[in-house]
Amino acid sequence: MYFYTYDGSFEGLLTVVFEAYERKAWPTAIEPEQLAQPSMFGETVRVITDEGKANRVWLGLKKRLSVSALESLYYTYLWEQSGFERLIFDYTRLVFDSPESVEGNYTAPFILQVQQIQKQVHREKHRMEAFVRFQKTADGLYYASISPDFNVLPLIVRHFEKRYADQRWAIYDTSRRYGVYYDLRATSFVQLENPGVTPRQQSKLNADQYDENETHYQMLWQVYFDHVNIPERKNPKLHLRHIPKRYWKYLSEKQPRLQ
Amino acid sequence: MNDKVIGKLKILADAAKYDVSCSSSGGKRKNENKGLGNAEGMGICHSYTEDGRCVSLLKILLTNFCIYDCAYCVTRKSNDVQRTAFTVQEVVDLTINFYRRNYIEGLFLSSGIFKDADYTMERLVRVAKKLRQEEKFNGYIHLKTIPGASDELIKEAGLYADRLSVNIELPSEKSLQSLAPEKNYSEILLPMGSIKDQLVQAKEESRLFKATPKFAPAGQSTQLIVGATAESDRQILQLSDQLYKVYNLKRVYYSGYVPVSTDSRLSIITEPPIIRENRIYQADWLMRFYGFDVKEILDDANPNLDLDIDPKLGWALRNRYFFPVEINTADYEMILRVPGIGVKSAKKIISARRFAPLHFDHLRQMGVVLKRAKYFITCQTKSLQRQDFDSEQLRRRILFGEGSVRSALLTQQLDLFQRAG
Ligand code: SF4
């Protein structure tokens, strides 16, 4: 039995694949170092992330898979639910060991599962693109905090870059404690210490940090939301299906009415 | 900042909400000037109203003053409501500030007719022009064309807008004459035709010269009101079919009439015909994405859609001789025609069966809903269900037979409505 540990990065996981093939020692389990329990049986292999090795695995996959299938593997990594390492490993192994393409073979359980995960993660990504609400601060930064079900922040950056090229903005993931910050030139990943985002901004902004017109526009948005509604067509079930309650915290239109 | 804008927004959002088109998709405008916004690809619903409709655009009227008196419209001259108007700058500010906060994909601007058609249209165009040129705004702009506006103005509108719409509203000339006496079909169809010509021309020119200015890259759409007048579903869908074919419309929207008016010229209804509206959307969907001809969906014997079952099931029950369909060998087009199987499931089936012969278990794992489909398919010649029910028995079984089928149908229909939104 072989227990692999790695540093939790995607490159680290690809290095695990490389090492397993090198040794012909197939993992019983793959776990991030800090979570791994020392095992009394079998051998623990501590894998050090190696970009060269990770790259070779990735290039190998690239030769055999479409962009969408590659994406689904990365999405599975961002999915972060228990067992994702194993799933990526099994998928990868099947790809390398099959003489023919395995893509779209939904009769194989973990190919189907990876495809379903891709769908789930994609949906969360899409929801974040829709439900992020920026608040403008006194120094002209457009700020939003999120805490998505999966680690989708890296996936939404491109969307916001394209859209908001002429304003400074930041989106902070409060549960994973990191964010992205765009300074009109480039986007960078930031931790709390970064000067672009102060610790106080990590969750919600206080009204005293707002730009002078911020409250006014939040109020106008609430007014708009209330007045596009057609009461004769009320349909709470459908409404909730589209915006499940756990997303309400992002939405200014779902907060108490401002005066 | 003043409260005046709040008061105006209340009135002018209220008056605009009965226009149901809110789509912001099909845009091709990229952010190439390091400006604000991007309208490529699929539009996003940033919120949903309590009636479950997508909120994607800031949808407002420029003014609700109107010189016309269309019976079905809240803004009609004879209606006793408070009137107001935004300034061009107010609309620009609202759009930009909502957009910067990620509330919206862009603006959908319509208007009552203030003074005359050109006077009003000119102001709509000015809003769009200002957004594009002064604010470097690349978000989505949908402008409604005002009936009777000049060709030049419509042409100019198309330079700044992603989509133009000309609302027909009433599905027949006769209804139009009785409810909107100032309007007539030829006057409505005229700008539609000229927008179509412009679209075709812009497309041809862009093939020759790369720098051809874009003309309404997301095309044109219209809206038909359902239930305010006596037209059958068949008349409505035949009209849509023509509009798609002859005028290349991107979308026809259907708006179940909300009784906003007690005008004596109208049929008396108390509730908006929501289910009927959904069925019409489903049928429209079948025509556009499932390869159905309008004649297959409705005919002389069936001028109206069955409200209890979706139109695809309706078609299948009338055409049992096409079934059962063998999942492992049937064409994609035929699998698409199986009740309960949508585009996504059909594609998955086609993909998976290349690897192994499919069983019902495979279908279930792939998420194919079998509740209705099982009566119409076989997997390797096996069926899950007796296939010898007659259509009437089948209809009853699906509607009432197995527990929750009825509510599943309802959910499904709402799904489709959403996709159509
Ligand atoms: S012209 Fe337009 S706004 Fe005026 S009454 Fe007719 S439908 Fe309403």
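The values are calculated or read from the model by the stated rules, or taken from the named source; none is laboratory data. All figures in this text were calculated on a predicted structure; none of them were measured in a lab. Neighbour counts run over all protein chains shown; Cβ positions are idealised from the backbone, glycine included. These accessible areas exclude ligands, DNA and RNA; they are computed on the full protein's heavy atoms, side chains included. Shrake-Rupley method; radii C 1.70, N 1.55, O 1.52, S 1.80 Å.
Listed values, structure above:
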| item | result |
| --- | --- |
| Antiparallel DSSP beta bridges within chain B, percent to nearest 5 | 25 percent |
| Sorted largest first, extent of the protein assembly as shown alpha carbons per principal axis (Å) | 87, 72, 54 |
| Computed accessible area, B:Ile350, all protein chains, 1.4 angstrom probe, square angstrom | 50 Å² |
| Interface area, B with A, accessible, probe 1.4 Å, both sides summed, Å² nearest 100 | 5600 Å² |
| Rounded to 10°, Cα long-axis angle of helix B:185-208 versus longest principal axis of chain B | 80 degrees |
| Structure-based [θ]222 nm, chain A - -39500 (n - 2.57) summed over DSSP H runs of at least 4, per residue, nearest 500 | -14000 deg cm²/dmol |
| Fraction of antiparallel bridges per DSSP, the protein assembly as shown only, in percent to nearest 5 | 35 percent |
| For chain A, share of DSSP beta bridges that run antiparallel, in % to the nearest 5 | 50 percent |
| Phi to ³J(HN,Hα) by Karplus 6.51 cos²θ - 1.76 cosθ + 1.60 over region B:303-314, Hz, x for Gly, Pro | x, 10, 6, 6, 6, 7, 10, 6, x, 5, 4, x |
| Alpha carbon centroid spacing (whole Å) that separates region B:102-132 from region A:204-259 | 25 Å |
| Listed residues B:His362, A:Leu153, B:Ala39: farthest to the positive end of the dipole of the protein assembly as shown (Cβ charges) | B:His362 |
| Derived scalar couplings ³J(HN,Hα) [region A:68-79; Karplus, 6.51 cos²θ - 1.76 cosθ + 1.60; whole Hz; x for Gly, Pro] | 5, 6, 4, 4, 5, 5, 5, 4, 5, 5, 6, 4 |
| Percent of alpha-carbon pairs separated by more than 19 Å within region A:17-123 | 47 percent |
| Relative contact order for chain B, counting Cα pairs under 8 Å that sit 6 or more residues apart, in percent | 12 percent |
| Percent RCO, i.e. relative contact order, over chain A, from Cα pairs under 8 Å lying at least 6 residues apart | 13 percent |
| Counted charge near B:Leu131, where neighbours are those whose Cβ lies closer than 12 Å (Asp, Glu -1; Lys, Arg +1) | +2 |
| Percentage relative contact order, region B:82-158, counting C-alpha pairs under 8 Å, at least six apart | 36 percent |
| P(r) weight above 15 Å for region A:213-259, C-alpha pairs, percent | 52 percent |
| Sites A:Phe110 and B:Ala230 - FRET efficiency at Förster radius 60 Å, r taken between beta-carbons, to 0.05 | 0.60 |
| Per residue accessible area of region B:30-123, 1.4 Å probe, in Å² | 32 Å² |
| Modelled FRET efficiency - R0 22 Å, B:Ile350 with A:His122, Cβ distances, 0.05 increments | 0.55 |
| Student exercise, region A:213-259 dipole from Lys, Arg, Asp, Glu Cβ charges, in Debye to nearest 20 | 400 debye |
| Student exercise, chain A dipole from Lys, Arg, Asp, Glu Cβ charges, in Debye to nearest 20 | 880 debye |
| Test item: Cα-centred dipole of the protein assembly as shown, Lys/Arg +1 and Asp/Glu -1 on Cβ, debye | 520 debye |
| Residues whose placed amide H lies under 5 Å from that of B:Ile377, excluding near-sequence neighbours | B:Val325 |
| Selected from A:Arg133, A:Arg233, A:Arg23 as most flexible by GNM, with chain A as the system and alpha-carbon contacts under 10 Å | A:Arg233 |
| log10 of Debye I(q)/I(0), alpha-carbon scatterers only, for chain B at 0.06, 0.10 Å⁻¹ | -0.29, -0.76 |
| 0 to 90° range, to nearest 10: angle between helix B:274-289 axis and chain B longest Cα axis | 80 degrees |
| Chain A: most fluctuating residue of A:Leu153, A:Leu65, A:Leu240 per GNM, C-alpha cutoff 10 Å | A:Leu240 |
| Cα radius of gyration and Dmax for chain A (Å) | 22.2, 68 |
| 10 Å Cβ shell holding at most 13 others, DSSP loop, GluC sites (Glu not before Pro): longest site-free stretch of chain B | B:135-401 |
| In nm, spacing of pseudo-spin labels at B:Asp361 and B:Glu204 (7 Å Cα→C-beta vector) | 6.0 nm |
| For region A:97-102, 3J(HN,Hα) per residue [Karplus equation, 6.51 cos²θ - 1.76 cosθ + 1.60, θ = phi - 60°, Hz, x = Gly/Pro] | 8, 8, x, 10, 4, 9 |
| Stokes-Einstein translational diffusion, region B:203-309 - Kirkwood Rh over all Cα pairs, 1.306 mPa s, 10 °C, in µm²/s | 101 µm²/s |
| With Cα atoms, 0 to 90° folded angle of helix B:343-352 axis to chain B main axis | 50 degrees |
| Sequence of B:Asp361, B:Asp118 from largest to smallest accessible area, 1.4 Å probe | B:Asp361, B:Asp118 |
| GNM result for chain A, Cα springs below 10 Å: residue of A:Asn105, A:Asn213, A:Asn229 fluctuating most strongly | A:Asn229 |
